[in-house]
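Here the structure is laid out as structure tokens; the discussion comes afterwards.
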Amino acid sequence: MTPVLEAAGLRRVFLGGDGEPIEVLSGVDLSVARGDFVAVMGASGAGKSTLLQILGALDAPTEGTVRLDGQAYDSLSEPELAALRNRQIGFVFQFHHLLREFSALENVMMPMLIAGRDETAARDRARTLLDAIGLRARLGHRPAQLSGGEQQRVAVARALAMDPVLVLADEPSGNLDYAHAEQLHDLFALLAREFETALVVVTHNRQLAGRADRILSMESGRLVPHPGWEAMPS
């Protein structure tokens, strides 16, 4: 399949407190097609979140290129990158970052309204997404009235609002109990198939990673196939 997301030769170097360079990414290559679910695992501090920020155009690599639907990030201006993030990439984080003064429906509508969509069309799209993830009865509820799992599902619906070609998730179930985490994992397993989006998830959770089409590990600043996954206990 034709890749939606292509990353080639990504290096990211930061300056440490002593002024010495610290290389976090050391030549990462990644290709993800529409409908492909990729899980990225690895030790804390290995560079997984840094990679996700670069893939999401939230940070720039020291070297290397990222292309989304054939468009190179380094060829875009800051306003163009902001538009790309809003229209073509959906983000889901460990903490849902919902707007507490707005209802679930309004939270999902927000990216569409920011992009200038008609309010009626935005409302219809938000209703459809919340219905699809089992929250039809929670449309008017504010985040404080929702469980942690429900709040994170609203965040997933919000990530899908603009029909993005790519969804990036950073430890999406890390703040949930087992039951709510499993419900969210089931939802992520459906995302790539039902919404035909490219999905890259950074996680420590074996159950979530086990639902992915591919499991990669961040080791020494590079992505490699996760070793011995089939032999690992659940």
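The values are calculated or read from the model by the stated rules, or taken from the named source; none is laboratory data. Everything numeric in this text was worked out from a predicted model, so none of it was measured. Virtual Cβ from ideal backbone geometry, glycine too; neighbours counted across all protein chains shown.
Within the stretch 219-234, restricting attention to residues that are closer than 23 Å to residue 176 by Cβ and surrounded by 14 or more Cβ atoms within 10 Å (Cβ to Cβ), the residue that is modelled with the lowest pLDDT is 229.
Candidates are the residues of the stretch 1-20 that are loosely packed, with under 15 Cβ neighbours inside 10 Å and over 14 Å from residue 61 (Cα atoms); the one that is modelled with the highest pLDDT is 20. Please work out if residue 43 is under 22 Å from residue 207 (Cα atoms), more than 16 Å from the chain's Cα centre (by Cα) and at pLDDT below 95. When the stated conditions are applied, residue 43 passes them. State yes or no: is residue 152 among the polar types (S, T, N, Q) and buried (at least 23 other Cβ atoms within 10 Å of the Cβ)? Against the criterion (among the polar types (S, T, N, Q) and buried (at least 23 other Cβ atoms within 10 Å of the Cβ)), residue 152 qualifies.
Residue pairs whose Cβ atoms lie under 7 Å apart, sitting 6 or more positions apart in sequence or on different chains, and linking a residue in the stretch 184-208 that is without any contact (Cβ under 8 Å) to a residue 40 or more places away in the chain to a partner that is aliphatic (A, V, I, L, M), are 184/176; 185/208; 195/160; 205/181; 206/232. Looking only at the stretch 173-196, residues that are in contact with a helix residue (DSSP H, G or I) (Cβ under 6 Å, 6 or more places away or on another chain) and either buried (at least 23 other Cβ atoms within 10 Å of the Cβ) or of a type in the set (D, E, K, R) (or both) come to 2 in all. With respect to residue 141, is the statement that it is under 19 Å from residue 199 (Cβ atoms), assigned to a loop (DSSP other than H, G, I, E, B) and either out of contact with any helix residue (DSSP H, G or I) (no Cβ under 9 Å at 6 or more places or on another chain) or not charged (D, E, K, R) (or both) true? Answer is no for this residue. Take residue 27 and decide whether it is small (Gly, Ala, Ser) and either touching a helix residue (DSSP H, G or I) at 6+ places or on another chain (Cβ under 6 Å) or closer than 21 Å to residue 169 by Cα (or both). Considered against the rule, which asks whether it is small (Gly, Ala, Ser) and either touching a helix residue (DSSP H, G or I) at 6+ places or on another chain (Cβ under 6 Å) or closer than 21 Å to residue 169 by Cα (or both), residue 27 comes out as no. Only a single criterion out of (1) assigned to a loop (DSSP other than H, G, I, E, B); (2) surrounded by fewer than 20 Cβ atoms within 10 Å (Cβ to Cβ); (3) touching a Leu at 6+ places or on another chain (Cβ under 9 Å); (4) not charged (D, E, K, R) is not satisfied by residue 204, namely (3). For the residues 45, 70, 64, 27, the requirement of being exposed (fewer than 14 other Cβ atoms within 10 Å of the Cβ) and within 27 Å of residue 209 (Cβ to Cβ) singles out 45.
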